[in-house]
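Before any comments, here is the structure.
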Amino acid sequence: MAPPELIAPDVTPTAATVNLRRATPIAACLGAASFVVLAPMGYPLAAVFFCGGLGLGLLNTALVQRSAARFAAAAHPDKRRFAVSVLGRLTLITGLAVGLALVVRPAGLGVFAGLAALQLLMIFIASVPLVKELRQSRVGGSP
């Protein structure tokens, strides 16, 4: 991690992890709900892979935040290195998800469902403060 004097003033470690602190317990509840729903239906392995997809999504989000914070904190950020790291991370996660879906059919498709659910969750978590800000800005302005 970069020394405090090299970190950009608007990039704080706590601000970068807020979404993960909110998303992790919600993802855990989604994972538990997947077992409650899928296990009685006879698909406990699909619930396991759904939870795995949630975990992969959380890992990806954490790595994205870490990579973006490093990029923003760099005195001379290297866009090519950043793009290569993004591509590598997405390739690894996609390859793992596709491999699981192909090897353990049809339950392995739960990985994609977990990844998609986590992405929707992250979009929702990120949009809530934006909606609040938009509502507050309309209070003093014209409709």
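Points worth noting:
- Environment charge at Thr61 (Cβ cut-off 14 Å; Lys +1, Arg +1, Asp -1, Glu -1): +4
- Spin-label model, Leu134 to Ala116: label points 7 Å out along the Cα-to-beta-carbon direction sit 2.5 nm apart.
- Per-residue Karplus couplings for segment 122-136, computed as 6.51 cos²θ - 1.76 cosθ + 1.60 with θ equal to phi - 60°, are listed in order as 5, 5, 4, 4, 6, 7, 4, x, 5, 5, 4, 5, 5, 5, 5 Hz, Gly and Pro entered as x.
Every number in this text was worked out from the coordinates using simple rules, so none of it is lab data. Source: prediction; values computed, not measured. Backbone-built Cβ (ideal geometry, glycine too); neighbour counts: all protein chains shown.
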